[in-house]
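Input: a single structure, listed below in structure tokens.
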Amino acid sequence: MSNENGTTGQAPEQEAVSALPMKLDITVRPIEPRGNLVGFASLKINDSFVIDDFKILQSDKGLFVGMPSKPDRNSKTGYRDTARPITKEFRAELAEAVTAAYYEAVEKLQARAAAIPTAEKQSIQKQLANGEKQAAKDSASRPSPEKGGRVKNAER
């Protein structure tokens, strides 16, 4: 039998669905850098499918988006991607969207930090020193525990 319509063999509904533009929602979580890892991202496709654990890595060439992966002893790198784009075009689109979302999230964090009055901003050393002073005051205000009630083992 010949296919007179010249379709790809998919049902008409499937062809229409594949022609629709893809809606990508990116959620980014910047972290305190650990080595070259600076954050994680999740991708929601058309409000229907979510892929978690994209890694956002800082390299000499800028940000790089690592695909979700899991350990694999048989792999050259020791890891195996669990999700990956098939085309170069989609990989570029995904990397661009994740990178833009990361920079946006970092800008929001910086804006929140800048909004804190400078009187409230203290270095970690000052915060630790203040905490140490407060702990010493709290310890001094508590009554000391009663000594006694225990007999040494020397009497045996």
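Just so it is clear, none of the values below were taken in a lab; they were calculated from the coordinates. Bear in mind the structure is a predicted one, so any value in this text is a computation, not a measurement. Every residue, glycine as well, gets a Cβ built from its backbone with ideal geometry; the counts of neighbours run over all protein chains shown.
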Karplus 3J(HN,Hα) series, Hz, for segment 22-36 with 6.51 cos²θ - 1.76 cosθ + 1.60 (x for Gly, Pro): 8, 9, 10, 10, 10, 10, 10, 10, x, 10, 5, x, 10, x, 9
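Any chance you could run the full-extension gain for A115 through R142? It's 0.36 nm times the residue separation minus the Cα-Cα distance, nm to one decimal. The partial results should precede the final answer.
Details: separation 27, 0.36 × 27 = 9.72 nm, distance 3.82 nm.
Fully extending the segment from A115 to R142 adds 5.9 nm.
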At most 16 other Cβ within 10 Å, DSSP loop - trypsin sites (Lys or Arg not before Pro), segment 26-94: K61, R73, K76
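For Cα pairs less than 8 Å apart in space and 6+ apart in sequence, what is the mean separation divided by the residue count of segment 19-115, i.e. the relative contact order in percent? Can you show the working numbers first?
Working: 137 pairs, mean separation 20.7, N = 97.
Relative CO of segment 19-115 lands at 21 percent.
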5 angstrom amide H check on S69, placed H, neighbours 5+ away: T82
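Rg(Cα) of segment 19-115 divided by 2.2 N^0.38 Å?
Expressed relative to 2.2 N^0.38 Å, the Cα Rg reads 1.16.
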Phi-based couplings in Hz for segment 47-64 (Karplus 6.51, -1.76, 1.60; Gly and Pro marked x): 6, 10, 9, 10, 10, 9, 6, 6, 9, 9, 10, 9, 10, 4, 8, x, 7, 9
³J(HN,Hα), Karplus 6.51/-1.76/1.60, whole Hz, each residue of segment 85-90, x for Gly, Pro: x, 8, 9, 5, 5, 5
